[in-house]
Amino acid sequence: EAERQAYKARIKALLIEKNAVLIAHYYTDPEIQALAEETGGYVADSLEMARFGRDHKADTLIIAGVKFMGETAKILTPNKKVLMPTLEATCSLDLGCPVDKFSEFCDQHPDHTVVVYANTSAAVKARADWVVTSAIALDIVEHLDSEGKKIIWGPDRHLGAYIEKQTGAEMLMWQGACIVHDEFKAKALKDMKAVYPDAAVLVHPESPANIVELADAVGSTSQLIKAAHSLPNKKLIVATDRGIFYKMQQACPDKELIEAPTAGSGATCRTCAHCPWMAMNGLQAIEKSLIDATGHEVFVDPELAKQAMIPLDRMLSFAA
Ligand code: 13P
Ligand code: SF4
């Protein structure tokens, strides 16, 4: 514990010395989120992280999250130095959507508008007409559908299926999935609901359809935190990464938050819904990135960044 405090003190001093700001995703470990809060940084969903970094006056952004979040920050603010605790932190959706294969898929349907989830590489974004995050995906697809656009959706098939169901839009879909949300199990969740009949179920739409069906509220990380606060239930079963419990508990201190069961849950493992890449954002890695940026700085090819900026800008203008 003393060692952790020493790390935090050194990081605080380095953030000031380097005029840097720490921006953390809700899925990072609670101590990282607390550190962002204590140092004037920010804890947010992927859309808000991008906006905050763009508008903040610091010269250096430290993005505690996964690679696509660092890349998005760099694309939006090419003049700032963007660091990540580790460049190895990726995402199964990004990994499952290589640009050459995805481009080929898009080329086969040239009359379609290409909508990609933010959880993709800069190159995939550069191939898209629109980028969306889970906070705004429904609104954007609804808008495109109302204009009669034919849509290609990638890469998350569960989020895509949820959007199709909600909007009535038909989309050609890439078959990616999030390894964390894909693990929630409907049978076990039904059993848990029977144990807590008064609890509401909160679900991130990267979860499979049979989990979404059991939800009282479906939404992005920020939307789920709002729902946790506004729902009348005193007990909440939460089907998303357990990192979210830190801010969710702050939003509703009087409520009991219960982790939804995953395939790995059981007597020995009750905390399996945690993204292994988000977990790589530790104190040691943050300090290291601040001391020496080598191997921590995010670079995006400027031509690619210019292309990727177009669909990102569309999303941000739509959201404004
Ligand atoms: P949000 O856009 O809801 O923050 O989600 C990002 C993510 O990686 C979800 O798994
Ligand atoms: Fe990607 Fe899933 Fe991790 Fe989010 S939780 S970063 S979607 S692997």
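The values are calculated or read from the model by the stated rules, or taken from the named source; none is laboratory data. Remember, predicted model here, so these are calculated numbers, not experimental data. When we count neighbours, we look across all protein chains shown, and the Cβ atoms used for this are built from the backbone with ideal geometry, even at glycine.
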I'd like the residue in the stretch 13-43 that is surrounded by fewer than 23 Cβ atoms within 10 Å (Cβ to Cβ) and under 17 Å from ILE225 (Cα atoms) and, out of all such residues, is nearest to ligand 1 (Cβ to nearest atom). TYR42
Against the condition crowded, with 23+ Cβ neighbours inside 10 Å and assigned to a loop (DSSP other than H, G, I, E, B), how does PRO205 come out, does it pass? yes
If you check LEU15, LEU22, which single one turns out to be in contact (Cβ under 8 Å) with a residue 60 or more places away in the chain, assigned to a helix (DSSP H, G or I) and either farther than 23 Å from PRO311 by Cα or touching a strand residue (DSSP E or B) at 6+ places or on another chain (Cβ under 9 Å) (or both)? LEU15
Surrounded by fewer than 24 Cβ atoms within 10 Å (Cβ to Cβ) and assigned to a helix (DSSP H, G or I), is that true of LEU144? yes
Of the conditions (1) buried (at least 24 other Cβ atoms within 10 Å of the Cβ); (2) within 19 Å of CYS178 (Cα to Cα); (3) within 16 Å of ligand 1 (Cβ to nearest atom), the single one that PHE102 does not satisfy is (3)
Per the list (1) away from ligand 1 (no atom under 16 Å from the Cβ); (2) assigned by TED's automatic domain parsing to the domain that holds LEU159; (3) within 24 Å of MET315 (Cα to Cα); (4) not acidic (Asp, Glu), residue check on GLN108 breaks on (3)
Over 18 Å from the mean Cα position of the chain (by Cα), crowded, with 22+ Cβ neighbours inside 10 Å, of a type outside the set (A, V, I, L, M) and modelled with pLDDT of 95 or more - does that describe any residue in the stretch 113-126? no
